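Everything below concerns the one structure shown next.
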Amino acid sequence: ALGLKPFFRRALFFSIFTNILVIAPMIYMLEVYDRVVNSTSLLTLGMETLLILALLVMMEALEWVRGSILHHAGLHFDKATGERIFNSVFEAHLRRVPGVNSQALNDLRTLRDFISSPAMLAVVDAPLALFYLVGIFYISPQMGWLSVVGAVIQIALTWFNERSTQPPLSAANRAAIEAQNYASNSLRNAQVIEAMGMQRNIHSRWMKKQQEFLALQAQASDKAGAFSASSRFVQLTLASLLLGLGCWLMILGKFSGGGGLMIVGSALGGKALAPIAQIIGQWKNVVSARDAWRRLDHLLSAIPAREPGMPLPPPSGLLTVENV
């Protein structure tokens, strides 16, 4: 309904090519070891270096394009919903609906920024991790299954991260909104508060709410940091284990790809888990965006859009005066 699907389709299309071009440095490394070192040809080295530079420039250009696409998606979301949200907030104030304030406009900004954030790019890249898993299975089925185990562990870490950090993060967001609203309402009556000597007590109450928000945020950040570190550990460990497994299979004579493909398989394993690790690292933004979406959905459901009024003819501009 918001018209965001075409933006995400285009971003996914360009992501396919960026994820393919990511393996270009690995192929360059293989070519250098296999061809240049054996042939000692400077011409081959120069041509392959120019090719890899061109591919890297292309990859960064495509990264810029898909980032620009998501940025325009955020602007489109703002344009499509901004007026509706503003009118709903205005209508809520007219009806004196409790609990509705300008926070909805902050929620709109949160969602707009999230659409073009690294977390959204990681969400777009996550389905393409299957491409790397297929490549690993092509190199070695044993290495492929080990990558699947690593992916399952990463998904489990994401689930535990959600269960552990979502309650304190949501509570911290609510406490932050409450502290902000309290400060805004107090500043609106600054002259009365000053005249009645209530500034110190008002400040103490605001500090209490602020400390509650900071404590909840610190609790959530500590848990999220632990899961983020665990995710990076799994990602790095999997790359090393894949390299060790490939070497072990080569010693047993069960790996026919050579040392180059063994290194490529190890690198692909790390790339396959990178989107999930990035999502976990950006989990605070994910939860904030999800809470903002729920608040906006509740607001728009509680205050539907006004029905268009009866159309009236344009004024004719005639003026009649009698008995003046």
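The values are calculated or read from the model by the stated rules, or taken from the named source; none is laboratory data. Note that this is a predicted model, so its numbers are computed, not measured. Cβ coordinates were reconstructed from backbone atoms using ideal geometry, including for glycine residues, and neighbour counts include every protein chain displayed. Just the protein is used for accessible areas: all its heavy atoms, side chains included, with ligands, DNA and RNA removed. Shrake-Rupley method; radii C 1.70, N 1.55, O 1.52, S 1.80 Å.
Here are the numbers for this structure:
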quantity: When the convex hull of its Cα atoms is projected in every direction, mean area for the chain (nm²); calculated: 29.2
quantity: Paired Rg and Dmax values of region 1-78, which use every Cα atom, in angstrom; calculated: 17.9, 60
quantity: Which of VAL123, LEU157, LEU111, positive extreme of dipole for region 63-214 (C-beta unit charges); calculated: LEU111
quantity: Those lysines that a straight Cα-Cα span of less than 29 Å connects to LYS271, excepting residues fewer than 8 apart in one chain; calculated: LYS5, LYS223, LYS254, LYS284
quantity: Heavy atoms of MET196 accessible to a 1.4 Å probe, total area in Å² rounded to 10; calculated: 130
quantity: Spin-label pair SER221/MET47, simplified geometry with 7 Å Cα→Cβ offset, distance in nm; calculated: 5.5
quantity: Probe 1.4 Å, protein heavy atoms only - accessible area per residue of the chain in square angstrom; calculated: 62
quantity: Dipole magnitude of the chain, debye to nearest 20 (Cβ charges: Lys/Arg +1, Asp/Glu -1, about Cα centre); calculated: 720
quantity: Residue-level accessible surface for TRP248, protein heavy atoms, 1.4 Å, Å²; calculated: 140
quantity: Dipole moment magnitude, nearest 20 debye, region 86-220 about Cα centre, only Lys, Arg, Asp, Glu C-beta charged; calculated: 520
quantity: Of all accessible heavy-atom area on the chain, the percent that carbon and sulfur account for (1.4 Å); calculated: 66
quantity: Region 190-324: relative contact order in percent, alpha carbon pairs under 8 Å with at least 6 residues between; calculated: 24
quantity: Extreme residue, positive dipole direction of region 265-324, given options ALA292, PRO308, GLY270 (C-beta unit charges); calculated: GLY270
quantity: For region 14-146: relative contact order, % (alpha-carbon pairs under 8 angstrom, 6 or more apart); calculated: 26
quantity: Relative contact order (percent, whole number), the chain, Cα cutoff 8 Å, 6+ residue spacing; calculated: 25
quantity: Proximal charge balance of ALA274 [Cβ under 11 Å; K/R count +1, D/E count -1]; calculated: +1
quantity: Gyration tensor verdict on region 210-324 (Cα atoms; rounded if a/c is under 1.5, prolate if a/b is larger than b/c, oblate otherwise); calculated: prolate
quantity: Accessible surface of LYS271 - all protein chains present, 1.4 Å probe, nearest 10 Å²; calculated: 90
quantity: When the convex hull of its Cα atoms is projected in every direction, mean area for region 43-178 (nm²); calculated: 12.6
quantity: Principal semi-axes in Å for region 214-281 [√(5λ), Cα gyration tensor, largest first]; calculated: 35, 10, 5
quantity: Region 139-295: Cα Rg divided by the 2.2 N^0.38 Å rule of thumb; calculated: 1.63
